[in-house]
Amino acid sequence: MTIRTEEELNGMRRVGQLVARTLDAMEAAVAPGVTTAQLDTIARDLATAHGARSAPQLTYDFPGFTCISVNDEIVHGIPGARVLREGDLVTLDVTLELNGYMADSARTVAVGTPPRGGAQLLRMAREALEAGVTAARPGRRVRDVGAAIDRCVRSHGGRVFRELAGHGIGRQLHEEPTVPNWDDPEADMVLHEGLVLAVEPMLAGRAARVVEDDDGWTYRTHNGALAVHQEHTIVVRAGGAEILTLA
């Protein structure tokens, strides 16, 4: 999606802000003893009260309202009876549709005190997202966003998952272009003013492959490495990207 009118911008801002508020409510409830299904219900109740729908459910018939992934799960974890425990890393991933517009955001948070190395992973993901967002300027290429993310992650000793990527978004959940988290030479599309992207570093503290669970949805690391994920929906601007998924 490329934003060309004030109406489109306002529509994207409204859904982006609701995504952020939904994530805030979920994060506030993260604690030992809470189930991922309870967090999903919090998101569903808040979002639907404002007229929003789950984009993963609309698009792919996903089993949950949101995606919630824990520890070595990278993305697309299904909310359920799993009980969060002290030291878990839990990724909250919310994508909403509101009045024909879609926005996507994710954050990984610790349950209580982070595990060994967990705080560094969380910081790495936040810094990588900031680097990617900063690199998203008109005239640059999609690969420049991925290169900035990968440089940041590698400078901290981490590794991005090359099998997974960000994407365009706006009227649909997944639109062109694909936004790799590394300097992929095939990601040569030139960014332009008003382009809407979901920038989402997904990484681990050490090399790991992505494998799919038997549930057909959840992606996790093949070797049990902890995974973290940070994401914002942004609009590419000459003066610096506008982050839509802020409360």
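Annotations for the structure displayed:
- Filter pass, Gly64 being surrounded by 23 or more Cβ atoms within 10 Å (Cβ to Cβ), without any contact (Cβ under 8 Å) to a residue 60 or more places away in the chain and in a loop (DSSP other than H, G, I, E, B): yes
- Cβ pairs under 6 Å, 6+ apart, first in region 182-209 and touching a residue at least 24 places away in the same chain (Cβ under 8 Å) and among the acidic types (Asp, Glu), second open to solvent by 10 Å² or more (accessible area, probe 1.4 Å) and in a loop (DSSP other than H, G, I, E, B): Glu193/Pro138
- Residue pairs meeting the criteria (Cβ under 7 Å; at least 6 apart or on separate chains; first under 23 Å from Ala28 (Cβ atoms), in region 106-130; second of a type in the set (Phe, Trp, Tyr) and open to solvent by 50 Å² or more (accessible area, probe 1.4 Å)): none
- Taken over region 182-214, the criterion of being touching a Gly at 6+ places or on another chain (Cβ under 6 Å), closer than 15 Å to Ile234 by Cβ and assigned to a loop (DSSP other than H, G, I, E, B) is satisfied by Glu200 alone.
- Residue selected from region 68-115 under the condition of a type in the set (Gly, Ala, Ser) and in a loop (DSSP other than H, G, I, E, B), by the criterion most open to solvent (accessible area, probe 1.4 Å): Ala81
- Only one of the numbered conditions (1) under 18 Å from Arg107 (Cα atoms); (2) open to solvent by less than 50 Å² (accessible area, probe 1.4 Å); (3) in contact (Cβ under 8 Å) with a residue 40 or more places away in the chain; (4) among the hydrophobic types (A, V, I, L, M, F, W, C) is violated by Ala241, and that is (1).
- Residue under evaluation Gly239, criteria (1) under 26 Å from Pro79 (Cα atoms); (2) at pLDDT below 95; (3) of a type outside the set (A, V, I, L, M, F, W, C), criterion not met: (1)
- Flag if Thr134 is more than 23 Å from Ala52 (Cα to Cα), part of a loop (DSSP other than H, G, I, E, B) and either touching a helix residue (DSSP H, G or I) at 6+ places or on another chain (Cβ under 7 Å) or not acidic (Asp, Glu) (or both): no
- Top-ranked residue of region 1-37 - restricted to ones that are out of contact with any strand residue (DSSP E or B) (no Cβ under 9 Å at 6 or more places or on another chain) and outside any helix (DSSP H, G or I), ranked as farthest from Leu246 (Cα to Cα): Ala31
The values are calculated or read from the model by the stated rules, or taken from the named source; none is laboratory data. Predicted model, so just to flag it, every value in this text is computed and none were measured. As a convention, Cβ positions derive from the backbone with ideal geometry for all residues, glycine included, and neighbour counts pool all protein chains shown. Heads up: the accessible areas ignore ligands, DNA and RNA and are worked out on the full protein's heavy atoms, side chains in. Shrake-Rupley method; radii C 1.70, N 1.55, O 1.52, S 1.80 Å.
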